[in-house]
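The structure under discussion appears below in the form of structure tokens.
Read the figures in this text as sums done on the coordinates, not as results from a lab. Small disclaimer: the values here were computed from a predicted structure and weren't measured. Backbone-built Cβ (ideal geometry, glycine too); neighbour counts: all protein chains shown.
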Amino acid sequence: MADYNYNVFWQETYKQIKNFFSADDRDHEFTLWFEKISYVSSTEDSITLSVPSAFFKDQLNQRGYAEIIQEKFTELLGTSLSINFIIEARPQTSEKKNTEKTETKETSFVKKVVVEEKRQHPNLRSDYSFETFVPGEDNSFAYNAAVAISKNPGRAYNPVLIYGGVGLGKTHLMQAIGNAAYEDEDKKVIYITAEDFTNEFMLSLRNNSMTQFKNKYRSADTLLIDDIHFFQNKEGTQEELFHTFKALYETYKQIVFTCDRPVSELKNLSDRLRSRFESGLNVDLQPPNYETRLAILEKKTQQRGIHIPKEVLDLIARNISTNVRDLEASLTKLIAYAELVNKDISLEVAQQQLRDVFGAPRQANITIETIQKVVCEYFAVSITDIKSKKRTRNFVQPRQVAMYIARELTEFSTTEIGVEFGGRDHSTVMHACDKISEKITLDSSMESMINSLVRNIKDYKK
Ligand code: ADP
Ligand code: MG
């Protein structure tokens, strides 16, 4: 078997990507995310790179950097290679570095930390701070509560549960509490995902190291557990968590949890743990409104030291309303593109580049006819049937769903929509929309069905 070594390609990829970054970003963003990647090995059609943690790996994906690496490789090599990232915690100094200027890098990073007089917690992201979080109107309570907790841990509110959908800032806010609490040198702050907590628990069971496990978590001054929905069905871990919780709570140690839904919606959770979760402050994070979305985009560009015209930020803020992660992803995509082709980010460039991300803009491309087609196909009924007066159940539901989606995705009024559904009255459309909204809140499968229909409708043109 031939020996493959794509290290030289990796070195070149690395160098070229580095040049994409503006001088300012090279010091921060690039240093942070690329300098810790190391070459490991190659096979004919794959290359393995190591990164220091699972978090790091996720970030490379989320930030679009894994994709950029992949693209650059393909370009240099002329053929597509699969890239594997393995996690390898390793000491900073003894390993081969991607740059000979290791020292400069380390000192410049340290210098920054020293200037700010902050210690860096090993498991918390330094950029997840209160300063970089834009609270917005709906989330100012969650934000203020988090600030209050960090000022008076264990006393202000305890425990605290931050819940909400993906990409709305739960982890960011939780880590901001952790970062602030960690400024006190005497305090032990532990941040862990529920998944890692579970794995560690099971490992210590296997290794007979339960005492160490217990000691570790019970000695925390602030314990942050992310994504507790993961504890559903994990009875043993729940039991252990309950005792950890109790020990910390009774000694006024701060406990913070995040969850992707309200506790009442968690299934297969012991009653006593459920009541513990619910016993403190439960705050939810809402999707940001337009003004907040714009403010977040402004903050993110500022942080990256990049100038993007206001009209472009406005375009993104108007079109991406799902969550902050999607908002950031669009921004990253745009910046990466602009740097790759060395172009300014004009409105035209943005519109063209983000077309896929935005999907079809409202009213312009989505017609009621398209909605009817996709919905009818899904339910296997005919358009004639949903336009007819027939009131049997197998026609009523598709009709209502289609009306609801029409209301959500187009600018048509209920009167106009009614006309397209066999000349129905606007109140019928309103009733349908209410009915479906209600079902969505009661039944998550309804929500996912609607979401998937919406995706199909948006994709319909392509
Ligand atoms: P979650 O844990 O709720 O899924 P994250 O905390 O991971 O969401 O947030 C996703 C991304 O969005 C992160 O990069 C985070 O910094 C950013 N983000 C979320 N909410 C805000 C906000 N209000 N202000 C600034 N950035 C935010
Ligand atoms: Mg999270």
If amide H atoms are built 1.01 Å from N in the plane of the peptide, which residues on other chains or at least 5 residues away come under 5 Å of the amide H of SER46? SER82
Antiparallel DSSP beta bridges within the chain, as percent of all bridges there, nearest 5: 20 percent
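Would you mind checking the pairs LYS36/LYS170; LYS151/LYS299; LYS214/LYS246; LYS216/LYS246; LYS170/LYS458; LYS187/LYS300 and listing those with alpha carbons more than 21 angstrom apart?
Details: LYS36/LYS170 26 Å; LYS151/LYS299 24 Å; LYS214/LYS246 12 Å; LYS216/LYS246 15 Å; LYS170/LYS458 29 Å; LYS187/LYS300 30 Å.
Exceeds cut-off: LYS36/LYS170; LYS151/LYS299; LYS170/LYS458; LYS187/LYS300.
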Checking region 1-47 for GluC sites (Glu not before Pro) in a loop per DSSP with at most 15 other beta-carbon atoms within 10 Å yields GLU44
Hand me the GluC sites (Glu not before Pro) from region 395-442 located in a DSSP loop with no more than 11 other Cβ atoms within 10 Å, in residue order please. GLU411
Given Cα pairs under 8 Å that are at least 6 residues apart, what percent is the relative contact order of region 138-252? 27 percent
For ARG424, what residues show an amide H to amide H distance below 5 Å, using hydrogens built from the backbone and excluding near sequence neighbours? VAL419
Roughly speaking, what is the centre-to-centre gap between region 298-371 and region 431-461 when only Cα atoms are used, to the nearest Å? 25 Å
I'd like the Karplus ³J(HN,Hα) series for region 440-453: coefficients 6.51, -1.76, 1.60, θ = phi - 60°, whole numbers in Hz, and an x wherever there's a Gly or Pro. 4, 6, 8, 9, 5, 5, 5, 4, 5, 5, 4, 4, 6, 4
So how tilted is helix 310-319 from the main axis of the chain? Cα-based, degrees 0 to 90, rounded to 10. 60 degrees
Rank the residues MET174, MET430 as a footprinting-exposure proxy: fewest other Cβ atoms within 10 Å of their Cβ go first. MET430, MET174
Rounded to the nearest 10 degrees, what's the angle between the helix 235-250 long axis and the longest principal axis of the chain, both from Cα atoms, 0 to 90? 70 degrees
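So what is the calculated 222 nm ellipticity per residue for the chain, using -39500 (n - 2.57) for each DSSP H run with n of 4 or more, over all residues, to the nearest 500 deg cm²/dmol? Walk me through the numbers before you get to the answer.
Working: 22 runs with 255 residues, N = 462.
Result for the chain, helices only: -17000 deg cm²/dmol.
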I need to check one value: relative contact order of the chain, counting alpha carbon pairs closer than 8 Å and at least 6 residues apart, in percent. 12 percent
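Rounded, prolate or oblate: which fits region 322-462 when a ≥ b ≥ c are the square roots of the eigenvalues of the alpha-carbon gyration tensor, with rounded for a/c under 1.5 and prolate only if a/b beats b/c?
Verdict is prolate for region 322-462.
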Decide, for the chain, between rounded, prolate and oblate: order the square roots of the alpha carbon gyration tensor eigenvalues as a ≥ b ≥ c, take rounded if a/c falls under 1.5, and otherwise choose prolate if a/b is larger than b/c, else oblate. oblate
Which angle from 0 to 90°, rounded to the nearest 10, does the C-alpha axis of helix 393-409 make with the longest principal axis of the chain? 60 degrees
Per the C-alpha gyration tensor (a ≥ b ≥ c, the square roots of its eigenvalues), region 382-462 is rounded if a/c is under 1.5, else prolate if a/b beats b/c, else oblate; here it's rounded
Filtering trypsin sites (Lys or Arg not before Pro) in region 306-380 by DSSP loop and by at most 14 other Cβ atoms within 10 Å leaves LYS343, ARG362
